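Worksheet for the structure shown next.
Please treat every number below as a calculation from the coordinates, not as lab data. Quick caveat, the model's predicted, so the values are computed rather than measured. We place every Cβ from the backbone using ideal geometry, glycine too, and count neighbours over all the protein chains shown.
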Amino acid sequence: MAPLWLLIVTQISTIACALVSGVFLAFSEFIMRSLDKSERPAGIEVMQVINREVFRTFFMVCLIGISAMSLAFCAYAYVTLSGPLASWVMAGGAIYLLAVFGVTLAFNVPMNTHLDRLDYQSTDAKAYWEGIYFPRWTFWNHVRAIGAGASAICYLVAGLLLAQASTT
């Protein structure tokens with residue numbers, strides 16, 4: 001019989017990954033396009049404000065919390081679990097760590113930092129937005145949305161396996 005805490009952590013992880021994926025999906029689907037269609041200085045300024053304000057949100061608790069939890073979850077699954085359950089848990093954790101947290105640190109955060117250093121009304125900011133920031137940031141954000149969604153699916157399957165094991 002699987003421990004109850006493991007089922008609870010798996011369910012929380014599923015929900016948190018789905019929430020993170022939803023935020024990324026919203027940015028990829030319409031927020032970034034809306035900012036890009038706005039008058040250039042306004043779109044850049046709004047994105048700069050978003051990048052500063054995001055650190056004060058529940059979203060960051062989910063983004064960073066699931067990163068730490070995924071690492072611990074992978075280690076626990078590797079040492080303690082076996083079979084398909086271990087595979088689903090480790091896959092969910094690995095996908096999240098690479099496709100969400102890794103991509104965030106390697107690509108999106110550096111681009112956000114560079115954008116923040118620019119005067120939103122400058123020609124440098126406009127050139128950076130059009131040539132690098134908008135297309136590349138949005139591409140990597142798609143990767144993050146898919147990664148967080150895939151992790152949620154992996155954790156969902158792991159939770160179903162745990163629930164099934166608890167009833168048998």
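Once the Kirkwood radius over Cα pairs is known for the chain, the Stokes-Einstein relation at 4 °C and 1.567 mPa s delivers a diffusion coefficient of 76 µm²/s.
Placing +1 on the Cβ of every Lys and Arg and -1 on the Cβ of every Asp and Glu, with no other charges, gives the chain a dipole of roughly 180 debye about its Cα centre. Considering only VAL79, VAL46, VAL89, the Gaussian network model of the chain with Cα springs below 10 Å gives its largest mean-square fluctuation to VAL79. Between MET47, MET60, MET90, the GNM of the chain built on Cα springs shorter than 10 angstrom shows MET60 fluctuating the most. Using 0.36 nm per residue and subtracting the Cα-Cα separation, the extra length available between ARG52 and ASP116 on full extension is 22.2 nm. Per residue, the average separation of C-alpha pairs within less than 8 Å and at least 6 apart gives the chain a relative contact order of 42 percent. Of the residues ALA94, ILE50, TRP129, the one whose Cα sits farthest towards the positive end of the charge dipole of the stretch 29-134 is ALA94 (charges of +1 on Lys and Arg Cβ, -1 on Asp and Glu Cβ, taken about the Cα centre).
With a Förster radius of 22 Å applied to the C-beta separation of SER166 and ALA26, the computed FRET efficiency comes to 0.05. Can you work out the FRET efficiency for the pair VAL61 and LEU98, with r the C-beta to C-beta distance and R0 = 22 Å, to the nearest 0.05? After rounding, the FRET efficiency stands at 0.60.
Stretching ALA127 away from LEU105 to a fully extended chain increases their span by 5.6 nm, per 0.36 nm per residue minus the current alpha-carbon distance.
Using a simple spin-label model with pseudo-atoms 7 Å out from Cα toward Cβ, ILE15 and THR80 lie 2.1 nm apart.
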